[in-house]
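See structure below.
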Amino acid sequence: MKPQALAPKLIFPGLLGWVLGTAAQLQQRELSMAQDYQHLLLGAIVFGLAASTKRLAIPGRAICALLCAGLMAFGATGLRAGLFVKDALDPQLEGRDVVVTGVIAAMPQRNESGLRFRMDVESARSDGVEMPLPPRIYLSWYNGPVAAGFNNANEGVELQRSSADLVAGERWQMTVRLKAPHGGSNPHGFDFELWLWEQGLQATGYVRAGAKDTLPQRLARTWEHPLERARQSVRDRIFEQIQDRKTAGVVAALVVGDQNAIDRADWDIFRATGVAHLMSISGLHVTMFAWLMMALTRWLWQRSSRLCFALPAPTVGLVGGVILASAYALFSGWGVPSQRTVLMLAVAVLLRIGVRRWPWPYVWMLACALVVLADPWALLQAGFWLSFVAVGVLFASDSGPRNSPNTQQLESAAAPGADDAQGDASANEPRPSALSRLLAAARALVQEQAVITLALTPLTLLLFGQISVAGLFANLLAIPWVTLVVTPLAMLGVVFSSSWSLAAAAIQALTAFLQMLASLPFASIAIAQAPLWAGVVGVVGGLLMAMRMPWPMRLLGLPMVLPVVLWQASLPPAGEFELLAADIGQGNAVLVRTSGHALLYDAGPRFSRESDAGHRVLVPLLRTLDVHLDKLVLSHRDADHTGGAVAVLAMLPQAQLLSSIETEHEIQATRRATRCAAGQHWQWDGVDFKILHPETDDYERPAKSNAMSCVLQISNGRQTALLAGDIELEQEASLVGQAAVGHINLKAKLLLVPHHGSATSSSGVFLDAVKPSIGLVQNGYRNRFGHPAAPVRERYEARGIRLFESPRCGAATWRSDAPDLVDCDRQVRQRYWHHRLQ
């Protein structure tokens, strides 16, 4: 039977149009007026009417259906975004004390610095006046001195000074300071502002719980958010049962979807071995759970002949399996992989109950469109594309889904009596032995994994800039082990807590194996991240190579894969250099590249024990640009300059370390540092590098850490950049004095503003000696130091020096062969959900 007879001809163009229309709207830099989106909806109606008329030929009607759905999706997504923006935080409330009363909306996330949690706002006051706030905010409650008691005026109201054990559904009153959602903006970097937007969070902030602040109060325990409260209760029980917190974190991720509970070092191992997708609630876990629940529901239903006469057991099994799998997906956080799997299962069940067999592209596109309808911004998630492309590859290659247990269950239960017919047909055939079935399952698993790995390699390179060579071998063991052993034991622990200890033992055994694989020299390979067009072509080529076709046709996909695999990042020509000031918040981190070498000046701040600029920003940036550092310069010991150094040095063991840090500094245990001292110089590819400060004698006398900042001058004879660290007025005066007697030349086109624009630096005399045209300020949004200080800003403006600040510019890129231009990543990547400073 032809596909046209199985489904209406306009379904696929309509579904495709919805996805494409949503994707087009997500490219808007700014939201349009509501009337514009309404006009698009009217246009969609016109095309819908044209698609329904029989006067047009099928191709014309298909085009009209595509345009109808595309315009409708564009307009609906735009209107939805416009309504969301109306609840944005009033900029005048940023940095002010606001007394908020609200309900804890999700289980809090704990780390060594305190708690992070979401709150549904009920009311807010500032200076005694009611203030409108966004409906949901994202707060941090940092650890402080413990002081708990009871308010005499409100007997029974519990007060807490330190970060409390908040429970989802509790109503609290607390004083907070808020700011607009604002995150770093770096090439190929994580879009924190998009994540906040998608989560419905329109303000971030922290709880004021200092010694002079009003104590937060737990007002009541409500019945709101019962699912989140249950998830939190299970997570707490897991950590009580399993002593090893690292293992407990993995179990918590598998049971309740708390990926933040997994230790950062474990995430590094999982990513290096390509099994990270198994350590969160994935489509594989949901499918396995659905299959088990289908079988169990069907078996229980068959125990009653009366029930079977009312409804066929296969139908009840299918519906019950999908319902219970949906409940599992909701309990585990309802991530994109879970959504995709539940929707695909639901579509397959509905079609089989209706005794319909749609072509796989229809089923695949329907599930995709439903996910996009529910969450348009999921289109920008890497997990969305990995999930749907993987399923599409398995469909297209005709492997996996047809032979997998869950699909056999669906097919056998498509209609009453299906199993009986199958039994009659195979009654006289010899039953395969258990060993034969096991070998067949292993062969199918290897084939499926090889197909997915081959087809997804271009997409993985496009999204992450690296592939796990060990992933194929790791997944052969990890997929059945996690799916059939670890996850069932972890889920069983909800009823029998002792099962969590067995799950923990299984995880520890797997982790030991993965650690061995991750330690191999070529466990993962990093390649420069290719542009979008190369990635799309590569994915198509990978799909072509994976499909079941004659090999001559498959090999046509090979040249399509090569651009994304062999892509090389652009480098400055010989004799030129490039600076990239990363957006890492309050701190310094500047990547300097010549045609054949690279240097990193400072490594940004450390945010917490488990998070620093190295892991969060610099390592991914260096990987996606395929940078192999020759030298890391740490200007001085302050944490906002050295916080990410250990992570960078671990990634790049060949990099030399040049710094003024003391010999007993903890970084010295990772890599011995060479002291930076005035007069040191070297040349790379026609570009000169020279240390101007500190003097060798400065190490012999006590001084503030800022005074020991390594000042680096970079010049090709035509253009010069000066990276000044945190030097202050005294060190600036010393440099000016040396320039006055001709010992050094301070003039530079670009200046990394000393000490982030502190009032203790950037003297007028110093600026007059350097004479920069461009100043880069690496500072955090609404940082507590107020950098850059108003008098400093005025001095730069009075001299016509253009200042580029991280909160406004994001990562700033400057090139010596285009010295008057600065590329701001925040402007290049600007979308309507990104924060704009007033």
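List of remarks:
- Residue 20 being open to solvent by 60 Å² or more (accessible area, probe 1.4 Å), of a type outside the set (Val, Ile, Thr), without any contact (Cβ under 8 Å) to a residue 24 or more places away in the chain and closer than 19 Å to residue 373 by Cα: no
- Residues in region 662-715 that are among the polar types (S, T, N, Q), open to solvent by 30 Å² or more (accessible area, probe 1.4 Å) and free of Cβ contacts under 8 Å to residues at least 24 places away in the same chain: 663, 674, 680, 683, 696.
- Put simply, of 143, 154 the only residue that is modelled with pLDDT under 95, under 14 Å from residue 206 (Cα atoms) and either among the hydrophobic types (A, V, I, L, M, F, W, C) or open to solvent by 50 Å² or more (accessible area, probe 1.4 Å) (or both) is 143.
- Residue 135 meets the conditions (1) open to solvent by less than 50 Å² (accessible area, probe 1.4 Å); (2) at pLDDT 95 or above; (3) not β-branched (Val, Ile, Thr) in every case but one. The failed one is (1).
- The number of residues in region 772-818 that are over 23 Å from residue 617 (Cα atoms), touching a residue at least 40 places away in the same chain (Cβ under 8 Å) and open to solvent by 30 Å² or more (accessible area, probe 1.4 Å) comes to 2.
- Residue in region 79-90 that is under 15 Å from residue 175 (Cβ atoms) and either open to solvent by less than 40 Å² (accessible area, probe 1.4 Å) or of a type in the set (D, E, K, R) (or both) present: no
- Looking only at region 494-543, residues that are farther than 30 Å from residue 237 by Cα and either modelled with pLDDT of 85 or more or within 26 Å of the chain's Cα centre (by Cα) (or both) come to 27 in all.
- Search result, residues across region 468-489 that are of a type in the set (Val, Ile, Thr), under 24 Å from the mean Cα position of the chain (by Cα) and open to solvent by 40 Å² or more (accessible area, probe 1.4 Å): 469
- Flag for residue 822 being in contact (Cβ under 8 Å) with a residue 12 or more places away in the chain, in a strand (DSSP E or B), aliphatic (A, V, I, L, M) and in contact with a Phe, Trp or Tyr (Cβ under 9 Å, 6 or more places away or on another chain): yes
- Candidate set: region 267-292, residues that are open to solvent by less than 10 Å² (accessible area, probe 1.4 Å) and part of a helix (DSSP H, G or I); chosen: the one nearest to residue 317 (Cα to Cα): 290
- Residue 171 open to solvent by 40 Å² or more (accessible area, probe 1.4 Å), at pLDDT 95 or above and closer than 23 Å to residue 253 by Cα: no
- The number of residues in region 352-382 being open to solvent by less than 60 Å² (accessible area, probe 1.4 Å), farther than 16 Å from residue 197 by Cα, in contact (Cβ under 8 Å) with a residue 60 or more places away in the chain and not hydrophobic (A, V, I, L, M, F, W, C) comes to 4.
- Within this structure, residue 485 passes the test of being out of contact with any Lys or Arg (no Cβ under 7 Å at 6 or more places or on another chain), of a type in the set (A, V, I, L, M, F, W, C) and in a helix (DSSP H, G or I).
- Breaking point among (1) in contact with a Lys or Arg (Cβ under 7 Å, 6 or more places away or on another chain); (2) within 28 Å of residue 719 (Cα to Cα); (3) buried (at least 24 other Cβ atoms within 10 Å of the Cβ), for residue 612: (2)
- Positions within region 554-604 being part of a helix (DSSP H, G or I) and either modelled with pLDDT of 95 or more or open to solvent by less than 10 Å² (accessible area, probe 1.4 Å) (or both), in sequence order: 557, 564
- Within region 304-332, residues that are over 16 Å from residue 290 (Cβ atoms) sit with their Cβ atoms under 6 Å from residues that are part of a helix (DSSP H, G or I), at 6+ positions apart or across chains, in these pairs: 307/301; 313/298; 313/301.
- Residue 45 closer than 30 Å to residue 263 by Cα and hydrophobic (A, V, I, L, M, F, W, C): no
- Test result for residue 659, of a type in the set (Ser, Thr, Tyr), open to solvent by less than 10 Å² (accessible area, probe 1.4 Å) and more than 21 Å from the chain's Cα centre (by Cα): yes
- Matching option when the condition is crowded, with 18+ Cβ neighbours inside 10 Å, at pLDDT 65 or above and in contact with a Leu (Cβ under 6 Å, 6 or more places away or on another chain), among 349, 391, 342, 336: 349
- The criterion of at least 2 residues that are among the hydrophobic types (A, V, I, L, M, F, W, C) is met by the following helices (runs of 4 or more DSSP H) wholly inside region 693-810: 729-740, 764-770, 790-798.
- Residues of region 228-266 satisfying the condition of being part of a loop (DSSP other than H, G, I, E, B) and surrounded by fewer than 19 Cβ atoms within 10 Å (Cβ to Cβ): 243, 244, 263
- Region 632-650, subset among the β-branched types (Val, Ile, Thr) and in contact with a helix residue (DSSP H, G or I) (Cβ under 7 Å, 6 or more places away or on another chain), residue most open to solvent (accessible area, probe 1.4 Å): 646
- Some residue of region 204-219 being within 26 Å of residue 333 (Cα to Cα), out of contact with any Phe, Trp or Tyr (no Cβ under 6 Å at 6 or more places or on another chain), assigned to a strand (DSSP E or B) and not basic (Lys, Arg): yes
- Scanning region 528-553 for residues that are surrounded by 13 or more Cβ atoms within 10 Å (Cβ to Cβ), in contact with a Ser or Thr (Cβ under 9 Å, 6 or more places away or on another chain) and part of a loop (DSSP other than H, G, I, E, B) yields 528, 529, 547.
- Residues of region 302-318 that are crowded, with 17+ Cβ neighbours inside 10 Å and assigned to a helix (DSSP H, G or I): 313, 314, 315, 316, 317, 318.
- Looking at region 36-144, the strands (runs of 3 or more DSSP E) lying wholly inside it that each contain 1 or more residues that are among the basic types (Lys, Arg) sit at 109-111, 114-126, 136-142.
- Total residues in region 499-516, condition open to solvent by 20 Å² or more (accessible area, probe 1.4 Å) and either in contact (Cβ under 8 Å) with a residue 12 or more places away in the chain or at positive phi (or both): 6
The values are calculated or read from the model by the stated rules, or taken from the named source; none is laboratory data. This one's a predicted model, so the numbers in the text were calculated from it and none came from an experiment. Heads up, the Cβs are rebuilt from the backbone with ideal geometry, glycines too, and the neighbour counts pull from every protein chain shown. The protein model used for the area step is the full one, side chains on, heavy atoms only, and it has no ligands, DNA or RNA in it. Shrake-Rupley method; radii C 1.70, N 1.55, O 1.52, S 1.80 Å.
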